[in-house]
């Protein structure tokens with residue numbers, strides 16, 4: 001099953017993270033389940049990759065700007081962890097390099113978007129804090 005990118009792909013982070021999670025499911029399905037190392041790394045990848053979208057959704061329902069920033073920061077950490085697991089699978093030759101590279105590209109893009117968002121939110125929070133004091 002092929003997943004079509006939404007028209008506003010760059011701006012709709014929640015949908016993008018969801019599609020990414022589905023792509024990770026598909027990728028994990030093709031890995032060699034008989035290899036113990038692959039089993040362990042696949043579980044870690046599944047947890048970190050799906051955590052990205054879950055934390056973005058939590059951020060949007062956060063009760064404060066601080067909550068929002070913290071959940072986006074957790075999503076960023078999960079994206080960075082996902083990069084690690086994907087690279088490990090690629091470099092150990094336990095997964096098809098071209099498939100990993102495609103997923104890595106999306107992971108890096110999600111990471112950049114989240115990193116920029118977190119930086120902007122923190123900068124704004126510091127600016128407000130300095131105005132008060």
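What follows is calculated from the coordinates using simple rules that are stated; it is not laboratory data. As the structure is a prediction and not an experimental result, all values here were calculated from the model. For neighbour counting, all protein chains shown are included, and Cβ atoms are generated from backbone atoms with ideal geometry for every residue, glycine included.
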With R₀ set to 25 angstrom, the calculated FRET efficiency between the beta-carbons of residue 61 and residue 93, to the nearest 0.05, is 0.05
If you count, for each residue, the other Cβ atoms within 10 Å and average over each peptide, how do 79-89, 31-41 line up from highest to lowest? 79-89, 31-41
Mind ordering 95-105, 60-70 by average Cβ neighbours within 10 Å, highest first? 95-105, 60-70
Give me Rg/Rg_expected for the stretch 11-72, where Rg uses Cα atoms only and Rg_expected = 2.2 N^0.38 Å with N residues. 1.35
Part-to-part distance (alpha-carbon centres) for the stretch 98-116 and the stretch 73-97, which is given in Å: 10
Could you check the spin-label model distance between residue 43 and residue 127? Points 7 Å from the Cα along Cα→Cβ, value in nm. 4.6
With n ≥ 4 as the cut-off for DSSP H runs, can you work out [θ] at 222 nm for the chain, using -39500 (n - 2.57) per run divided by the number of residues, rounded to the nearest 500? -28000 deg cm²/dmol
